[in-house]
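Here is the structure we will look at, set down as structure tokens.
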Amino acid sequence: MPAPVSRAHTSALVLFSGGQDSTTCLAQALAKYKRVETIAFDYGQRHKVELEARLNVLRELKSQFPQWAAKLGEDHLLDLAVLGQVSDCSLTRDVAFKMESSGLPNTFVPGRNLLFLTLAAALAYRRDLQVLVTGVCETDFSGYPDCRDDTMKAMQLALSLGMDKRFLIETPLMWIDKADTWALAESLGGQPLVDLIIEHTHTCYLGDRIHRHAWGYGCGQCPACELRARGYERFESRGAV
């Protein structure tokens with residue numbers, strides 16, 4: 001069950017890419033808050049198909065979960081082409097996935113989550129939304145420094161001070177792995193939500209919407225597909241599916 005909501009926090013802006021993690025976060029926010037809006041960013045990502053997939057997810061959520069539809073407000077898409085211009089990584093360039101000498105994979109987009117949260121907070125300020133929800137995670141992540149709990153706490157403080165508004169950055173997936181993320185989705189929306197995530201969300205870094213697997217669409221070989229597949233296998237082995 002969702003945790004109790006502070007009387008000061010009744011609305012949320014979900015950073016929503018249309019993937020498994022952000023869809024699960026969106027479902028939890030819809031179960032928890034009275035008003036929920038969504039935001040996404042076009043930063044020249046190779047897997048730009050996610051921007052189309054997210055619209056399908058929003059449509060299906062409204063259709064299949066009428067108890068959430070009335071809470072789901074405006075969707076926002078921001079053009080962040082400048083991020084792609086300053087990023088030399090495998091998510092914005094046609095290069096193979098590999099580990100860098102820094103110890104981080106070349107899927108790391110420097111400053112991405114920091115910029116996302118800053119712009120989300122600016123929009124939330126204007127829209128009078130108190131909570132920023134993001135699917136960052138320390139358990140099943142690739143060492144990205146902008147996914148760490150300490151980073152989120154620092155951003156919450158900086159944004160709250162800088163905008164003179166008491167923002168809450170909520171990270172529902174911070175301490176759970178991908179198998180637990182599947183289980184969280186099931187606890188929120190049952191098998192229909194699990195099926196929706198399988199069929200409509202997009203995770204694959206290569207933007208593959210042709211190959212269908214038990215866990216959804218994707219190339220099956222990129223880091224995002226491998227992580228999602230392993231999590232689904234563990235979730236399924238628990239007898240949850």
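FYI, it's all coordinate maths here, none of it is from the lab. Everything numeric in this text was worked out from a predicted model, so none of it was measured. Every residue, glycine among them, receives a Cβ derived from its backbone with ideal geometry; neighbour counts consider all protein chains shown.
Values as computed for the structure displayed
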{"read-out": "Check: the range 130-201 dipole with +1 on Lys, Arg Cβ and -1 on Asp, Glu Cβ, in debye", "value": "360"}
{"read-out": "Distant-in-sequence amide H partners of LEU77 (H built 1.01 Å from N, under 5 Å)", "value": "ALA40"}
{"read-out": "Rg and Dmax [Cα atoms of the range 22-74; Å; Rg one decimal, Dmax integer]", "value": "11.8, 35"}
{"read-out": "Added length on full extension, which subtracts the Cα-Cα distance from 0.36 nm per residue, THR139 to ALA214", "value": "24.7 nm"}
{"read-out": "Separation in nanometres of the label points that stand 7 Å from Cα toward Cβ, at LYS62 and GLU226", "value": "3.8"}
{"read-out": "Cβ-defined net charge surrounding LEU80, 14 Å radius [Lys, Arg +1; Asp, Glu -1]", "value": "-1"}
{"read-out": "Stretch gain in nm, segment GLU52-ALA69, where the contour uses 0.36 nm per residue and the Cα spacing is subtracted", "value": "4.2 nm"}
{"read-out": "Simple label model, 7 Å out from Cα along Cβ direction - ASP128 to ARG238, nm", "value": "3.9"}
